[in-house]
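Here's the structure we're looking at; comments come further down.
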Amino acid sequence: MTDLSPAAQAVLDAWESKLEPMVTCLTHDPEREALATALETAVDQVVPKKWPTIEDYNEYEQGVAAAHIKCRNQLLAIANELRGDTTSNAH
């Protein structure tokens, strides 16, 4: 598997630190899949999948929505990377 970005590696390191001493290194795909799914589930709870039409917002609300969408996409990119998919940055 390829090297992870610093953000994805930090998530993986935090996960592994909670599993030790049971597991020394997560290289098995099902464990990474579970971690990616957990991250996606958390993202879905914090940042909605769908936003109302952004044009209906005032300028401030548009900025807030854009920041949330960017954050969601960055977190989903980490989940995708943990799965080994570096071709997409959101789902």
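The values are calculated or read from the model by the stated rules, or taken from the named source; none is laboratory data. Fair warning: this is a prediction, and the values are worked out from it, not measured in the lab. Please note: Cβ atoms are built from the backbone with ideal geometry, for glycine as well, and neighbour counts cover all protein chains shown.
Things to note:
- Residues that are within 15 Å of residue 36 (Cβ to Cβ) and surrounded by 14 or more Cβ atoms within 10 Å (Cβ to Cβ) within segment 63-79 comprise 72, 73, 75, 76, 77, 78, 79, listed in sequence order.
- Segment 1-37 - residue that is outside any helix (DSSP H, G or I) and modelled with pLDDT of 70 or more and, of those, surrounded by the most Cβ atoms within 10 Å (Cβ to Cβ): 4
- In segment 58-85, residue nearest to residue 10 (Cα to Cα) [restricted to those that are assigned to a loop (DSSP other than H, G, I, E, B) and modelled with pLDDT of 80 or more]: 84
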